[in-house]
Amino acid sequence: MTAKRRRDGFTLIEVLIALVLFALIGIAGFTLLDGVLRTQGATETRLARMAEIQRAMLVVTSDLDQLTGSVAGSGGGLSLRKIDVSGGIVSVRYDLTGETLTRTVSGPGGERVQVLVIGVSTARWTFHRRRGDWLDVWPLPDPSGMASAGPQLGGATRLNPDEGLTAVALDLTLTGLDGRPGATVRRLVSIPLTDAPQAPVAVTPAGVVP
């Protein structure tokens with residue numbers, strides 16, 4: 001009778017061992033699932049961040065590709081004039097406000113502000129001249145000491161091809177990219193040669209010898 005009862009059920013020790021095994025399997029499964037979810041969340045965040053940066057750089061490249069010849073900037077700000085999709089001329093301004101890089105478009109239809117990238121610690125625009133050097137400011141201050149009004153459209157000017165711009169670069173120092181604060185991305189855009197604005201050329205009236 002004793003042997004028969006032992007074959008019909010489990011002892012208390014066997015039940016306890018089974019419960020412990022099930023508990024260990026459950027803990028291992030929960031830990032694995034939690035790790036998978038954390039990895040998935042981090043990957044999605046990283047991909048969203050990279051997509052945001054790529055969209056911003058694409059916008060910058062598109063604006064500079066449509067440049068009409070007027071560009072000025074220094075530090076974290078840049079202003080330019082470009083041709084919009086309708087063929088008209090609009091003004092575009094980039095600014096770093098806090099940790100947000102914004103793009104402001106002004107034209108006949110009014111003004112529109114677009115947020116390009118958030119989580120930016122520093123933004124730096126630089127300008128490459130045909131002579132081969134990089135500048136932190138464009139246009140350069142007037143060497144004569146007169147205040148420059150910035151890029152001028154139209155009118156006669158003394159143009160020196162060696163002083164013209166050939167490229168514009170944007171360096172963004174980001175926060176929180178891949179958990180590494182201080183990561184920097186750079187976009188370099190070649191532009192048609194943009195002549196440096198110079199002092200107006202004096203126009204001599206007809207028949208008058210200077």
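Residues in segment 114-133 that are assigned to a strand (DSSP E or B) and more than 15 Å from the chain's Cα centre (by Cα): PHE127, HIS128, ARG129.
Examine segment 96-108 for a residue that is on the phi < 0 side of the Ramachandran plot, in a loop (DSSP other than H, G, I, E, B) and surrounded by fewer than 17 Cβ atoms within 10 Å (Cβ to Cβ), and state whether such a residue exists. Yes: one or more hits.
Scanning segment 14-46 for residues that are surrounded by 12 or more Cβ atoms within 10 Å (Cβ to Cβ) and within 37 Å of the chain's Cα centre (by Cα) turns up ALA42, THR45, ARG46. For SER70, the conditions (1) in a strand (DSSP E or B); (2) surrounded by fewer than 17 Cβ atoms within 10 Å (Cβ to Cβ) all hold with the exception of (2). Annotation: of all residues in segment 109-144 being open to solvent by 40 Å² or more (accessible area, probe 1.4 Å) and aliphatic (A, V, I, L, M), the one that is farthest from VAL60 (Cα to Cα) is LEU140.
Can you confirm whether ARG49 is more than 19 Å from VAL185 (Cβ to Cβ), of a type in the set (D, E, K, R) and either open to solvent by 100 Å² or more (accessible area, probe 1.4 Å) or out of contact with any Gly (no Cβ under 6 Å at 6 or more places or on another chain) (or both)? So ARG49 does not fit the description; no.
Checked against the criterion of being over 22 Å from VAL185 (Cα atoms) and assigned to a strand (DSSP E or B), segment 17-36 has no qualifying residue. Restricting attention to segment 79-94, the residues that are β-branched (Val, Ile, Thr) and under 19 Å from the mean Cα position of the chain (by Cα) total 1.
The values are calculated or read from the model by the stated rules, or taken from the named source; none is laboratory data. Predicted model only: the values in this text are computed from it and were never measured. So basically every Cβ, Gly included, is an ideal-geometry build from the backbone, and we count neighbours across all protein chains shown. Just so you know, the surface numbers come from the protein's heavy atoms only, side chains and all, with ligands and any DNA or RNA stripped out. Shrake-Rupley method; radii C 1.70, N 1.55, O 1.52, S 1.80 Å.
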